[in-house]
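Report on one structure; see the data block that follows.
Read the figures in this text as sums done on the coordinates, not as results from a lab. Source: prediction; values computed, not measured. In this analysis, Cβ positions are derived from the backbone assuming ideal geometry, glycine residues included, and neighbour counts consider all displayed protein chains.
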Protein chains: 2
Amino acid sequence: MAERVAGPEIEKLIQLLARLPGLGPRSARRAALHLIRKREELLAPLSDAMRVARERIVTCTACGNIDTADPCTICRDPRRDPSVVVVVETVADLWALERAGVVRGHYHVLGGTLSPLDGIGPDDLNLSGFAERIVAESVKEVILAVNATVDGQTTAHYVTDLVSHLDLLVTRLAHGVPVGGELDYLDEGTLAAALRARTAF
Amino acid sequence: MAERVAGPEIEKLIQLLARLPGLGPRSARRAALHLIRKREELLAPLSDAMRVARERIVTCTACGNIDTADPCTICRDPRRDPSVVVVVETVADLWALERAGVVRGHYHVLGGTLSPLDGIGPDDLNLSGFAERIVAESVKEVILAVNATVDGQTTAHYVTDLVSHLDLLVTRLAHGVPVGGELDYLDEGTLAAALRARTAF
């Protein structure tokens, strides 16, 4: 409706902003006004950053990460151990692990999970050439860092099968009580897993 | 922290997205990934829309609205009655009234409210030349559509004083029960105002 008021350009900006996750129609209007008000401090640099992203960001052909270089910064990092490959569902998960700073190996980003109900099969994931990569890079351990969901676990089993003929250690993240978590708020599955995997104190 | 992972370009995009109202650091990361994934459907058009907004959107010198034309679409609309001017705090308020489709006059966008505590005085608002505009355009009614806040009411009084020497009707929006509102959830001030302003049924 702002179309009649301010011309189609602003309306278009609002409609596109509303398609960002986390922004609805109302917050998209607020965001558009904020951008227009902060033209030099925010609109201009954000517009530039988007142009750069659009022109320069590529998917790493080795691991599926996104970066402005291919192979990506992680795959090219000589301090990392290429014999360990951490399999994640999405780049967001890769970023989460990097923020934690706990992975010194390489990654393999699947780009999703197997989901028969949604019609997502192996061909829709970054899996072609996965076994070949493991062989070519002499990988010794594949760590499955997929989500603890049904689709995530299905995917974990599928990936394991792909490399089961290789001499390779396949591990997965531990289940347990989140650090800082309160037992009272955890589901029975997590509590059962945490009890089974209890360690000496 | 994603900086070490994916180069500074993506990190920059995330930081700028996080400055939009309604997006925090986490949702800005999600938005950045969404944009990069939907490069052609979303990132490219949004980048273009921002460039257009940056280059073409101007503030209407007549009323303070934003548009790609000056005077704006509303000020140029021959079907509108220029003898009625609705004073609003922000362009967002103007949009809200336009969505309701209830204003057939022109607007005057103040760009904020007087707020002595925040150091916002009359010179910070779009008020210079307001009285002259009223005279030049032979305005017969000024409708104060400012928020029902202390600062909004202070501003309403100030604007009224500016034009008190002119032969002019100054009105303000009615207070009362919102349509669809439940009395139980309304504050005493609103209920008292609604009772005072009761109308024949």
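Nm distances between the label at B:Lys38 and the same-position labels in the remaining copies, 7 Å along Cα→Cβ, shortest first?
2.2
Which lysines does B:Lys38 reach when only Cα atoms under 28 Å apart count, and residues fewer than 8 places away in its own chain are ignored?
Excluding near neighbours in sequence, the set is A:Lys12, A:Lys38, B:Lys12.
Hey, what did chain B get for relative contact order, percent, Cα under 8 Å, at least 6 apart?
Working: 223 pairs, mean separation 25.1, N = 201.
This gives 12 percent for chain B.
If you add up the charges near B:Asp124, with Lys and Arg at +1 and Asp and Glu at -1, over every other residue whose beta carbon is less than 13 angstrom from its beta carbon, what do you get? Walk me through the numbers before you get to the answer.
Values: positive: none; negative: B:Glu89, B:Asp118, B:Asp123, B:Asp151.
Within the 13 Å Cβ shell, the charges total -4.
Using the Cα centre as the reference, give the magnitude of the dipole from point charges on the C-beta atoms of the protein assembly as shown (Lys, Arg: +1; Asp, Glu: -1; all else neutral), rounded to the nearest 20 debye.
For this selection, approximately 380 debye.
Taking each label point as 7 Å beyond Cα in the direction of the beta carbon, state the distances from A:Arg76 to the same residue in the other copies, shortest first, in nm.
4.9
So between A:Glu41 and A:Leu183, what do we pick up on full extension, going 0.36 nm a residue minus the alpha carbon distance?
46.5 nm
Taking a label point 7 Å out from Cα toward Cβ, give me the nm distances from B:Asp187 to the same spot in the other copies, shortest first, one decimal.
4.2
Rounded to the nearest 500, what is the 222 nm mean residue ellipticity of chain B from helices alone, with -39500 (n - 2.57) per DSSP H run of 4+ residues and division by all residues?
When only DSSP H runs of four or more count, the value is -12500 deg cm²/dmol.
So if R0 is 56 Å, what FRET efficiency would A:Ala192 and B:Asp167 give, r being the distance between their Cβ atoms, rounded to the nearest 0.05?
On the way: r = 81 Å, r/R0 = 1.45.
Computed FRET efficiency for A:Ala192 and B:Asp167 comes out at 0.10.
Given the Cα atoms of segment A:66-170, and with Rh set as the inverse mean 1/r over their pairs in the Kirkwood sense, what is Rg to Rh to two decimals? Don't skip to the answer; put the middle values down first.
Working: Rg = 13.3 Å, Rh = 14.1 Å.
Computed over Cα atoms, the ratio is 0.94.
Hand me the trypsin sites (Lys or Arg not before Pro) from segment A:1-60 located in a DSSP loop with no more than 15 other Cβ atoms within 10 Å, in residue order please.
Details: sites: A:Arg4, A:Lys12, A:Arg19, A:Arg26, A:Arg29, A:Arg30, A:Arg37, A:Lys38, A:Arg39, A:Arg51, A:Arg54, A:Arg56; in loops: A:Arg19, A:Lys38.
Here the sparse-neighbourhood loop sites are A:Lys38.
What is the pair-distance distribution P(r) of chain A, computed from all Cα-Cα distances in 10 Å bins starting at 0, with each bin given as a whole percent?
7, 24, 26, 22, 15, 5, 0
Mind checking the dipole of chain A: about its Cα centre, +1 per Lys or Arg Cβ, -1 per Asp or Glu Cβ, Debye to the nearest 20? Please list the in-between numbers first.
Details: 22 positive and 27 negative charges, 175 e Å.
In debye, rounded to 20, chain A gives about 840.
Where does the Debye-calculated log10 I(q)/I(0) of the protein assembly as shown sit at q = 0.09, 0.10, 0.12 Å⁻¹, using only Cα point scatterers of equal weight, no solvent?
Each listed q maps to, in turn, -0.74, -0.83, -0.99.
When you look at the Cβ of every residue in B:25-37, what mean number of other chain Cβ atoms sits within 10 Å?
Mean partner-chain Cβ count within 10 Å for B:25-37: 5.
In segment A:66-170, what % of DSSP beta bridges are antiparallel (nearest 5)?
Numbers: 1 of 12 bridges.
So the antiparallel bridges amount to about 10 percent of the total.
Considering every Cα-Cα pair within segment B:2-56, what fraction, in whole percent, is farther apart than 20 Å?
Numbers: 382 of 1485 pairs.
When all Cα pairs of segment B:2-56 are counted, 26 percent exceed 20 Å.
Let me spell out the model: positive unit charges on the Cβ of Lys and Arg, negative unit charges on the Cβ of Asp and Glu, origin at the Cα centre of segment A:66-170. What dipole size does that give, in debye rounded to 20? Let's see the in-between values first.
Numbers: 7 positive and 16 negative charges, 89 e Å.
In total the dipole reaches around 420 debye.
Please compute the net charge surrounding B:Ala18, taking Lys and Arg as +1 and Asp and Glu as -1 over other residues with Cβ under 12 Å from its Cβ.
Details: positive: B:Lys12, B:Arg19, B:Arg26, B:Arg29, B:Arg30; negative: B:Glu11.
Result for the neighbourhood of B:Ala18: +4.
Taking the Cβ of each residue in A:Ser47, A:Ser115 as the centre, tally the other Cβ atoms inside 10 Å and list the residues starting with the fewest. Before the final figure, lay out each step's value.
On the way: A:Ser47 23, A:Ser115 17.
Going from sparsest to densest Cβ surroundings: A:Ser115, A:Ser47.
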